[in-house]
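Structure first, then comments.
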Amino acid sequence: MPSIAPYLPNGLDTFELVHHHLHSDTLDMGVSAGAAGLVAYGMVIAAPVVGCLTSPRDSQFRARLIGTICLSTAYLVFGATYLSFGYEYHTTLYVCLAAILIGFCRDDNVTAKGQPS
């Protein structure tokens, strides 16, 4: 918060009474951790899609891919206007949904290399 004070008309005097964070994941990551924070944020957002793309190509692959793209896109869009990764509930929900999509939505008889066992 102190890093944005010079850009506000009254500094943080009235801003902190109403707002407790910058209301944007991208701004929070950029202000608090700089370019490295933005890169890390991008990697966290892209991780479910990358995990899906490296998963076996079984009968549920397309559903997994659509699910992970929707999850990552939703958190990217929602994070642009409000804090998604700053609250433990939303962060935990993101990780659990990604784990369910990638880990549990797959055929039992397919090995890690995508070949039927």
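Looking only at region 40-52, residues that are within 15 Å of residue 80 (Cα to Cα) and free of Cβ contacts under 8 Å to residues at least 12 places away in the same chain come to 1 in all. Of all residues in region 98-112, exactly one satisfies the criterion of being at pLDDT 90 or above and within 11 Å of residue 56 (Cβ to Cβ), namely 102. Within region 1-26, residues that are outside any helix (DSSP H, G or I) sit with their Cβ atoms under 8 Å from residues that are among the charged types (D, E, K, R) and at pLDDT 70 or above, at 6+ positions apart or across chains, in these pairs: 21/28; 22/28.
Of the residues making up region 27-61, those that are under 11 Å from the mean Cα position of the chain (by Cα), surrounded by 16 or more Cβ atoms within 10 Å (Cβ to Cβ) and farther than 24 Å from residue 104 by Cβ number 1. For residue 33, the conditions (1) modelled with pLDDT of 95 or more; (2) under 25 Å from residue 4 (Cα atoms); (3) of a type in the set (A, V, I, L, M, F, W, C) are fulfilled apart from (1). Step by step: first the residues of region 62-101, then only those that are in contact (Cβ under 8 Å) with a residue 24 or more places away in the chain, surrounded by 13 or more Cβ atoms within 10 Å (Cβ to Cβ) and over 13 Å from the mean Cα position of the chain (by Cα), then the one that is nearest to residue 23 (Cα to Cα). Which residue is that? The residue in question is 67.
Condition (residue is over 26 Å from residue 26 (Cβ atoms) and either part of a helix (DSSP H, G or I) or modelled with pLDDT under 85 (or both)) applied to region 43-61: is it met by at least one residue? So far as region 43-61 goes, yes, one or more of its residues are over 26 Å from residue 26 (Cβ atoms) and either part of a helix (DSSP H, G or I) or modelled with pLDDT under 85 (or both).
The values are calculated or read from the model by the stated rules, or taken from the named source; none is laboratory data. Model, not experiment: these values are computed from the prediction. Backbone-built Cβ (ideal geometry, glycine too); neighbour counts: all protein chains shown.
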